[in-house]
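**Student:** Structure in structure tokens, see below.
Readers should treat all values here as calculations from the given coordinates under stated rules, not as data from a laboratory. Since this is a predicted model, take the numbers as computed values, not measurements. Positions of Cβ are backbone-derived with ideal geometry, glycine not excepted, and every protein chain shown enters the neighbour counts.
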């Protein structure tokens, strides 16, 4: 009978030649993604039952509600969503009557999205609840910590933008 370990001493299911000092729980991108996911799911519970919209759909509603009419490409840039996600979510919102599409008369290839009255109603109902969740989350921090966190997130966001626009190494 063969042992469960591999010939090279690496346990089955583990990466060979992986750095030994990698602690996922301390990996900043993982921590940020985990926090984002937890907060998104918390807010999603508030609007899914009442409005039957997904997280990507809510992001589009929030962006259009706070930024006004814009193209799907503009939304992609602001939401950190890919083209397919924006397209699918916008189609569902449009089919449900929550957003309106207008073709630019000067450039028929360009379509602007905006909230319909029902989309604006969703926005106006969800934003106060989302702000309550944000306040609850931030209540774990002092005012100075909140200010520092905002500054640090801005620095990290700028650096992440740099990483996406040019090779890091």
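**Student:** I need the peptides 90-100, 137-147 ranked by packing, meaning the mean over residues of other C-beta atoms within 10 angstrom, with the highest value on top.
**Tutor:** Numbers: 90-100: 17.5, 137-147: 10.5.
Averaged packing, sorted descending, gives the order 90-100, 137-147.
**Student:** Using Rg/Rh (Cα atoms, Kirkwood Rh) as the read-out, say which of (i) 1.10; (ii) 1.04; (iii) 1.43 was calculated from these coordinates.
**Tutor:** Given (i) 1.10; (ii) 1.04; (iii) 1.43, the calculated one carries the label (i).
**Student:** As a footprinting exposure proxy, order 109, 101 by other Cβ within 10 Å, with the fewest listed first.
**Tutor:** 109, 101
**Student:** Order of 36, 54 from fewest to most other C-beta atoms within 10 Å? Don't jump to the answer; show the numbers that get you there.
**Tutor:** On the way: 36 11, 54 16.
Lowest count first: 36, 54.
**Student:** Note the angle between two axes, namely the Cα long axis of helix 143-165 and the longest principal axis of the Cα atoms of the chain, as a number of degrees from 0 to 90, rounded to the nearest 10.
**Tutor:** The two axes meet at around 80 degrees.
**Student:** Okay, moving on. With everything on Cα atoms, drop me the angle between helix 83-95 and the longest principal axis of the chain, reported from 0 to 90° to the nearest 10.
**Tutor:** In the chain, helix 83-95 runs at an angle near 40 degrees to the longest axis.
**Student:** Rounded to the nearest 0.05, what FRET efficiency is calculated for residue 127 and residue 96 with R0 set to 25 Å and r the Cβ-Cβ distance? Could you put the intermediate results ahead of the total?
**Tutor:** Details: r = 19 Å, r/R0 = 0.75.
E(calc), rounded to 0.05, equals 0.85.
**Student:** Counting other beta carbons within 10 Å of each residue's own, what order do 163, 129 fall into, fewest first? Can you show the working numbers first?
**Tutor:** Numbers: 163 10, 129 14.
The fewest-first ordering by Cβ neighbours comes to 163, 129.
**Student:** Against the longest alpha carbon principal axis of the chain, how many degrees, from 0 to 90 and to the nearest 10, is the axis of helix 55-67 turned?
**Tutor:** For helix 55-67, the angle is close to 50 degrees.
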